[in-house]
Amino acid sequence: MADLPDVFDPRRYAAGPPHHAYRELRDRHPVAWQAEPEVLGWPAGPGFWAVTRHADVVDVLKDAHTFSSTLGATQIRDPDPGDLPFIRRMMLNQDPPHHGPLRRLVSRAFTPGRVERFEALVRERARSLLTGAREAAEDGVVDLVADVTDDYALLNLADLLGVPPGDRGLLLDWTERVIAYQDPDEPVVLGPDGRPVNPRSPAMLAEMFAYARELAAHKRERPADDIMTSLAQGELADGELEMFFFLLTVAGNDTVRAAAPGGLLALAEHPDARAELANRQVPVDIAVEELLRWHPPVLSFRRTARRATVLAGQPVAAGDKVVVFHASANHDERVFTDPHRLDLARSPNPHVSFGDGPHICLGAHFARLQLRVLHEEALRVLPRTELAAPPRRLVSNFINGVKSLAVRVG
């Protein structure tokens, strides 16, 4: 399959998801073998099957009995075998039936009611950040990532978790370390062998876990209406609580941190669509679903075949890595009419930007609320947004990140 396009190399994503390559794979070989060479200092791997059609992506995500999150965890790159027991403590890297009770336990803390109570705070924060960015704009140009969306995602998450204001910068540092490790702008931590250290290894997460234990102890003494109080007072063992803090910190922050500028970029590139939204021709909550389809925050997730199987006619051996590509599934012509057209009123819109199956995103409700409020306030505060420079994107085959979004505002 050497003639098939490469969708593994993180550097290919510096210009955005490789949609031409995705389409070629969907049309020619929807389950395609991908080599996994050494890239950016990270060692070579054994290769994997890239799954690019919507129906097959959904099948993999729903069938946890065949496609395991536990065997090799959920990142394309294989973890160190010695780290696997540690990594498997995270709910994201567990399979049913072990996964279900933990998910139900945490979902009680992540209630829609608690999230809804945050709307007024979230709206005021969006309005304040957007207004401040507009007023501080030099020559009418604003970097919506640096001036708005990074702080918006981070501060909202910190409020929901109950992280004290003075500690909130730690969340950003930890998120950058875990999410941006493939990007050349992020400093690489080298181990004694001179090779990069996995950012999800126990050594790299020790500081975050120690903080999680301290915060949980604080919440037991001084409870508040936040998720860490609920988790600290619940039935979680210390190790489980640490892993949930990691998951909520990284996934909770970067989901909105990637999706928010992605949606603003899409609207800046499609002024007619933005005008439809401003003129209330399309409800903002419906538009948010299309913006999520257009710019999913997560590009890929890995599973491992528990047994030999066949997927879209392709035999897959037990132990093979199987990687689903969300951005490809969201642009599958077999499901979405004219998928490369931004249609804010698109309905139905069965995108997989928050996953599917037993691991569908627990915080999707909170993410949607934040995105809806941000776009509502942006339409009020920034009547005009025109690209002032090409966006700078994260070099990653995992997170669909935007590092800089310079727009001319009015």
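Counting only protein heavy atoms and using a 1.4 Å probe, the accessible area of residue 219 comes to about 20 Å².
Looking at the stretch 1-76, the pairs of alpha carbons with a distance over 14 Å make up 67% of the total.
Take each peptide in 320-331, 154-165, 206-217, count the other Cβ atoms within 10 Å of every residue, and average; sorted highest first, the result is 320-331, 154-165, 206-217. Here the contact order of the chain, divided by its residue count and restricted to Cα pairs under 8 Å and six or more residues apart, works out to 27 percent. Whole-percent P(r), the stretch 51-101, all Cα pairs, 10 Å bins from 0: 24, 49, 24, 2.
Between 197, 60, 256, the GNM of the chain built on Cα springs shorter than 10 angstrom shows 197 fluctuating the most. Across every direction, the projection of the convex hull enclosing the Cα atoms of the stretch 121-198 has a mean area of 7.1 nm².
Accessible surface area normalised per residue over the chain is 40 Å², counting heavy atoms of protein chains with a 1.4 Å rolling probe. In this label model, residue 117 and residue 214 are separated by 2.7 nm, measuring between points 7 Å along each Cα→Cβ vector. May I ask you to give the percent of accessible area on the chain that is carbon plus sulfur, with a probe radius of 1.4 Å? Answer for the chain: carbon and sulfur cover 53 percent of the accessible area. In the stretch 71-137, taking the dipole from charged Cβ atoms about the Cα centre, the farthest positive-side position among 112, 85, 99 is held by 112.
The C-alpha atoms of the stretch 198-300 occupy a region whose extents along the principal axes are 51, 34, 17 Å, arranged from largest to smallest.
Considering only alpha-carbon pairs that sit under 8 angstrom and 6 or more positions apart, the relative contact order computed for the stretch 152-217 is 20 percent. For the peptides 371-380, 50-59, 35-44, the ranking by packing is 50-59, 371-380, 35-44, with the highest mean count of neighbouring Cβ atoms within 10 Å listed first.
By the combined test of axial Cα extent (at least 18 Å) and Kyte-Doolittle hydropathy (mean at least 0.0), the qualifying DSSP H helices of the chain come to 238-269, 364-381.
Classify the stretch 253-316 as rounded, prolate or oblate from the Cα gyration tensor: take a ≥ b ≥ c as the square roots of its eigenvalues, call it rounded if a/c is under 1.5, otherwise prolate when a/b beats b/c and oblate if not.
prolate
Nothing charged except the Cβ atoms of Lys and Arg (+1) and of Asp and Glu (-1): what's the magnitude of the dipole of the chain about its Cα centre? Round to the nearest 20 debye.
For this selection, approximately 760 debye.
Along its three principal directions, the equivalent ellipsoid of the stretch 77-223 from the Cα gyration tensor extends over semi-axes of 31, 25, 14 Å, largest first. Hey, could you get me the Stokes-Einstein D for the stretch 274-395, Kirkwood radius over alpha-carbon pairs, 37 °C and 0.692 mPa s, rounded to whole µm² s⁻¹? For these conditions, the coefficient is 196 µm²/s. Each residue, residue 124 and residue 55, gets one label point 7 Å from its Cα in the Cβ direction; the gap between the two is 5.1 nm.
The values are calculated or read from the model by the stated rules, or taken from the named source; none is laboratory data. These numbers come from a predicted model, not from an experiment. Quick reminder, even Gly has a Cβ in these numbers, built from the backbone with ideal geometry, and neighbours come from all protein chains shown. Note: areas computed on protein heavy atoms with side chains; ligands, DNA, RNA excluded. Shrake-Rupley method; radii C 1.70, N 1.55, O 1.52, S 1.80 Å.
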